[in-house]
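Notes follow the structure.
The values are calculated or read from the model by the stated rules, or taken from the named source; none is laboratory data. Because the structure is predicted, anything quoted here is derived from the model rather than measured. When we count neighbours, we look across all protein chains shown, and the Cβ atoms used for this are built from the backbone with ideal geometry, even at glycine. The protein model used for the area step is the full one, side chains on, heavy atoms only, and it has no ligands, DNA or RNA in it. Shrake-Rupley method; radii C 1.70, N 1.55, O 1.52, S 1.80 Å.
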Amino acid sequence: MEKLIIRGNRPLRGEVTISGAKNAALGILPACILSDEKCKIENLPNIKDIQNYISILTRLGAEVDMLSNGRTCIDAQKINYENTSSAHEEIRNMRASYYLIGALLGKCKRVEIPLPGGCDIGPRPIDQHMKGFQALGAEVYIEGGKVIAKAEELLGATIFLDVVSVGATINIMLAAVKAKGVTAIENAAKEPHVVDIANFLNLMGANIKGAGTEVIRITGVEHLSGCTYMVIPDQIVAGTYMLAAAVTYGDILVKNIIPKHMDPLTAKLNEMGILTEEYDDAIRVIGKENPKAANVKTAPYPGFPTDLQQPMAVLMCLADGVSTIHENVFENRFKYLDELRKMGANVSVNGRTAMIIGNGKLTGSVIKATDLRAGAAMVLAGLAAEGKTEIMGLNHIDRGYEDMEEKLRSLGADICRVSAKEDADEIDHEVC
Ligand code: EPZ
């Protein structure tokens, strides 16, 4: 087991380049299953979730060539739904494995996989995914901890999602691209990665219109060819580094991003009195002491992303006055606040609303990452805090952040990773 040791309270300054979007790549990889040729994917982030997905595809029968610099060539023609049993453990351990249902249903008309896992942030049903597959003509049921879906053929249909779901929108899109006729997904998610996956499928020859709006129309095609595609930059990782500048009162140029995707965060930072400068593919954030308190309500895109509410809470701890977070997307995404309390945060939770009374400082403590974005929040808290912070649960952080320590070190952070068994007090000064 490993832990991070951070000596905080130093402003981060410099430039950081953002890697490809995890949640886009996690849809693009299974989308390759639908192609009848090789696909070359560029800008894949080097993170655990992507490594696991590639391992799943390989076990299913895909030929994967890992090229340099985040480029991968995938030939999924030999993938067979019967091979999923060899990847049960990996499938069970990640959320995005649910895209195998849409992709394998689209390719093989049959799939049987364990229910997906993922971050523990409240109930995460897949009823809207199942409703979509059923509307397309599949028989879908859950039995013995597995999702089983089969169809003679898939026929286009109109599906109205009861909740705006990123996963259901993408999954239904995957199943529908080769279905006969026209499928309409109404009340669809509009997240940048939904659009990215639709763009990838279209480049392969799919006919998807309206991605990024509330109604996506998919006219089924018989054949998808190969292509070369570059994954968009990661909106949430970019937001994490923007907040790193804010919480350390530093000055960071966050590069290789799509500034438009950052609007909800940029606007909130500005509201808190933090300066930002926007460029074509970068945003500079100039932190300041005692930012103003703010209220955040998470919502599907283009609202404030639920994946950034945990990192944002750290800034609120440092703000002047009372801030609130209303979590509209997931039922139980406040567990990490117990860890921030250990660092002196004054927080209370009432249902889906957290109240944070900022007192301008956090103090180092021993804390743990309870999920991926909670992990990012813990790192930000450690960077902002006075004294030494030790963070456990790095497996969560490694799922979604490429080279996080190196990137932070290059910005001036005092951060290092040690084996939790080692006596960090003796060695960490040499290693950091
Ligand atoms: C995706 O999860 C992301 N995961 C999450 O990222 C992200 O937090 C979330 O979208 C919201 O943006 C991946 O892309 C792999 P949803 P997903 O379906 O698809 C309810 C991260 O840190 N719902 O949009 O699982 C659901 O319970 C992660 O990178 C149903 O009720 O989220 C939730 O309340 C964590 N029935 C809401 O909809 C369904 O069938 C939105 O969930 C599906 C969802």
Within segment 374-391, the count of residues that are out of contact with any helix residue (DSSP H, G or I) (no Cβ under 8 Å at 6 or more places or on another chain) and open to solvent by 10 Å² or more (accessible area, probe 1.4 Å) comes to 3
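Between Leu265, Leu269, which is in the same structural domain as Arg341 (by TED's automatic domain parsing), within 16 Å of the ligand (Cβ to nearest atom) and at pLDDT 95 or above?
Values: Leu269 fails: within 16 Å of the ligand (Cβ to nearest atom).
The unique qualifying residue is Leu265.
For segment 20-45, give me the residue count where each residue is within 16 Å of the ligand (Cβ to nearest atom) and polar (S, T, N, Q). Break it down stepwise before answering.
Step one: filter segment 20-45 for residues within 16 Å of the ligand (Cβ to nearest atom), giving 20-31, 44-45.
Retained after the next criterion (residues that are polar (S, T, N, Q)): 23.
Going through segment 20-45 one residue at a time, the tally reaches 1.
For Ser419, are the conditions met, namely being polar (S, T, N, Q), free of Cβ contacts under 8 Å to residues at least 40 places away in the same chain and open to solvent by 10 Å² or more (accessible area, probe 1.4 Å)?
Details: polar (S, T, N, Q): yes; free of Cβ contacts under 8 Å to residues at least 40 places away in the same chain: no; open to solvent by 10 Å² or more (accessible area, probe 1.4 Å): yes.
Judged against the criteria, Ser419 is not a match.
How do the strands (runs of 3 or more DSSP E) wholly within segment 1-59 filter down when requiring 3 or more residues that are free of Cβ contacts under 8 Å to residues at least 24 places away in the same chain: which remain?
none
Suppose the filter is within 16 Å of the ligand (Cβ to nearest atom), of a type in the set (Phe, Trp, Tyr) and buried (at least 24 other Cβ atoms within 10 Å of the Cβ); does Tyr336 pass it? Quick ask: steps written out before the conclusion?
Details: within 16 Å of the ligand (Cβ to nearest atom): yes; of a type in the set (Phe, Trp, Tyr): yes; buried (at least 24 other Cβ atoms within 10 Å of the Cβ): yes.
When the stated conditions are applied, Tyr336 passes them.
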Cβ-Cβ under 6 Å, sequence separation 6+ or interchain: first residue in segment 396-409 and basic (Lys, Arg), partner within 16 Å of the ligand (Cβ to nearest atom) and open to solvent by 10 Å² or more (accessible area, probe 1.4 Å). Which pairs?
Arg399/Lys48
Need the failing condition index for Ala179 against (1) under 19 Å from the mean Cα position of the chain (by Cα); (2) of a type in the set (A, V, I, L, M, F, W, C); (3) away from the ligand (no atom under 14 Å from the Cβ), just the number.
(1)
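Residue by residue through segment 240-265, note down the ones that are in a helix (DSSP H, G or I) and under 15 Å from Pro45 (Cβ atoms). Can you show your working first?
Step one: list which residues in segment 240-265 are in a helix (DSSP H, G or I), which gives 240-247, 259-265.
Across segment 240-265, the qualifying residues are Thr240, Tyr241.
Only one of these is under 17 Å from Ile357 (Cα atoms) and more than 15 Å from the ligand (Cβ to nearest atom): Met242, Met316, Met312. Name it. Spell out the reasoning first.
Working: Met242 fails: under 17 Å from Ile357 (Cα atoms); Met312 fails: more than 15 Å from the ligand (Cβ to nearest atom).
Going through Met242, Met316, Met312 in turn, the sole match is Met316.
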From the list Asp75, Asp120, which residue is within 14 Å of the ligand (Cβ to nearest atom) and either more than 17 Å from Leu34 (Cβ to Cβ) or modelled with pLDDT of 95 or more (or both)?
Asp120
Filter segment 356-373 down to the residues that are surrounded by 15 or more Cβ atoms within 10 Å (Cβ to Cβ) and of a type in the set (A, V, I, L, M, F, W, C), then identify the one that is nearest to Gly239 (Cα to Cα).
Leu372
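Filter segment 281-300 for residues that are within 16 Å of the ligand (Cβ to nearest atom) and of a type in the set (A, V, I, L, M, F, W, C); which is most open to solvent (accessible area, probe 1.4 Å)? Before the answer, list the steps.
Taking segment 281-300 and keeping what is within 16 Å of the ligand (Cβ to nearest atom), we get 296-300.
Narrowing the set further to residues that are of a type in the set (A, V, I, L, M, F, W, C) leaves 296, 299.
Details: Val296: 3, Ala299: 33 Å².
It comes out as Ala299.
Taking segment 319-332 only, how many residues are open to solvent by 10 Å² or more (accessible area, probe 1.4 Å) and within 16 Å of the ligand (Cβ to nearest atom)?
Residues of segment 319-332 that are open to solvent by 10 Å² or more (accessible area, probe 1.4 Å), as a first pass: 320-322, 324, 326, 328-332.
Narrowing further to those that are within 16 Å of the ligand (Cβ to nearest atom): 326, 328-332.
Matching residues across segment 319-332 total 6.
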Within segment 78-94, residues being out of contact with any helix residue (DSSP H, G or I) (no Cβ under 8 Å at 6 or more places or on another chain) and within 16 Å of the ligand (Cβ to nearest atom) number 1
Taking interchain pairs and intrachain pairs at least six residues apart, which have beta carbon atoms under 8 angstrom, with the first residue in segment 118-134 and farther than 19 Å from Asn395 by Cβ and the second open to solvent by 70 Å² or more (accessible area, probe 1.4 Å) and near the ligand (Cβ under 6 Å from one of its atoms)?
Gln128/Val163
Would you pick out the residues in segment 278-325 that are within 16 Å of Val349 (Cα to Cα) and assigned to a strand (DSSP E or B)?
Asn295, Val296, Lys297, Thr298, Val322, Ser323, Thr324, Ile325
